[in-house]
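Down below is the structure, laid out as structure tokens.
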Amino acid sequence: MSQEQFWILLTRKIAGEASPEDLTELEQLMQQHPEWQFASQNLEDIWNSKPHVDISEEEEAYLLHLHRLQQKNIPFGKQLQPEEEAAVAELSSNSSRKRIRWLIAGLTVAASVAAFLFFNPFSGKSGASPAQLANINEISTRLGSKTRIQLPDGSVVWLNAGSKLTYDKDYNQEDRQVTLTGEGFFDVIKDPAKPFLVHTSTVDVRVLGTVFNVKAYPEDKATETSLIRGSLEVSIKSRPLDKIILASNEKLVVENKKDTVAAWKADEETDQPLMTLNQIKRNSRDSTINETQWTENKLVFDNEPFEDVAVKMGRWFAVDIEITDWALKQKRLTGTFERESVEQALEGLAYASTTPFIFKRSGNKIIIHR
């Protein structure tokens with residue numbers, strides 16, 4: 001019953017008609033089933049965007065989808081429970097019928113995917129997805145999106161765009177371990193008996209209870225660990241004997257790969273990556289920290305090469321940005337953007353830069369040149 005109740009409560013929340021009790025129950029269900037975070041995020045994106053296809057086409061797609069589900073003997077579609085019928089009827093009575101019908105079409109697609117996972121005979125057993133069979137919870141965010149997760153022990157994680165967090169379903173029973181790909185901001189509940197471990201492809205981070213940010217995109221030049229409060233220990237996988245203890249307001253940067261000779265000033269004999277330990281800079285005006293501004297929905301870069309800025313902007317706005325001029329790639333930029341579109345952000349950078357450039361967008365591809 002919990003899955004059906006999840007869809008009902010999520011629909012009420014998105015439509016702005018959920019009571020405080022509904023929101024509390026939905027939050028509890030999301031904590032019990034963190035794998036539903038991705039569906040919730042996608043459906044909220046559908047609701048907040050504008051319909052771009054004709055409603056009649058969506059209705060035809062909806063009916064076709066029901067027909068296919070019935071052929072597979074998947075119990076979804078018109079076989080609604082009484083409480084589901086009441087929720088749909090309640091939504092249909094408001095002034096945004098077309099938008100709600102469009103949302104229901106999106107709900108149908110997402111729910112049918114979930115139904116397929118639950119009833120697909122190749123899943124091994126009823127009610128189990130491949131991730132569940134592996135005893136793993138997985139939460140991911142698309143490019144251009146962010147999400148907040150509350151782990152079973154009460155610790156909170158914010159995931160930045162294009163990131164993934166996985167952990168065992170027995171998390172917090174004997175230990176607390178998660179694996180991160182991408183960027184995450186962690187606010188960890190203190191438990192000396194169960195240290196909290198974050199595994200990335202380059203480093204492992206061990207804490208007891210603290211607030212910190214880890215940026216570990218495999219395609220980036222470096223992995224960054226920024227400690228906001230408390231203390232933590234970082235182990236570098238390529239240097240197992242080295243353990244670095246960070247104090248509050250310290251940031252460790254470990255190079256990921258040898259892209260250029262300049263990027264790697266490693267010892268030629270040991271072939272070890274470059275590491276740097278710096279103090280985190282706080283903005284004098286409001287004491288904010290650039291490394292965590294993304295959790296406040298602000299894209300911030302400070303004296304960074306344009307090629308690195310382009311990567312950040314690509315994730316932030318879900319676009320592919322290519323800079324064709326080598327010198328322009330090395331141009332260092334500083335900026336803060338919050339509500340701007342990608343075009344507005346690039347126009348602002350072009351206006352402020354001492355090196356003029358132009359850009360052209362075609363779909364999700366943006367080409368930048370001088």
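Taken together, the values in this text are just the output of simple stated rules run on the coordinates, not laboratory data. Note that the coordinates shown come from a computational prediction; the quantities given were computed from them, not determined experimentally. Cβ coordinates were reconstructed from backbone atoms using ideal geometry, including for glycine residues, and neighbour counts include every protein chain displayed.
Here are the numbers for the structure shown:
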| item | result |
| --- | --- |
| Estimated FRET transfer efficiency when R0 is 56 angstrom, pair ARG370-ALA193 (beta carbons, to 0.05) | 0.45 |
| Gained length - GLN344 relative to SER235, 0.36 nm times residue gap less alpha-carbon distance | 35.2 nm |
| Summed residue charge, Cβ within 12 Å of ARG361's Cβ, Lys/Arg positive, Asp/Glu negative | -2 |
| Least to most buried among MET275, MET313 (fewest other Cβ within 10 Å first) | MET275, MET313 |
| For the range 135-279: relative contact order, % (alpha-carbon pairs under 8 angstrom, 6 or more apart) | 14 |
| Overall Cα dimensions of the range 298-369 - principal axes, largest extent first, Å | 25, 25, 19 |
| Stretch gain in nm, segment ARG142-SER248, where the contour uses 0.36 nm per residue and the Cα spacing is subtracted | 35.1 nm |
| Extension gain, ALA318 back to ASN297 (0.36 nm per residue minus Cα-Cα distance, nm) | 6.1 nm |
| Low-density loop positions, trypsin sites (Lys or Arg not before Pro), the range 291-331 - DSSP coil, at most 15 other Cβ in 10 Å | LYS298 |
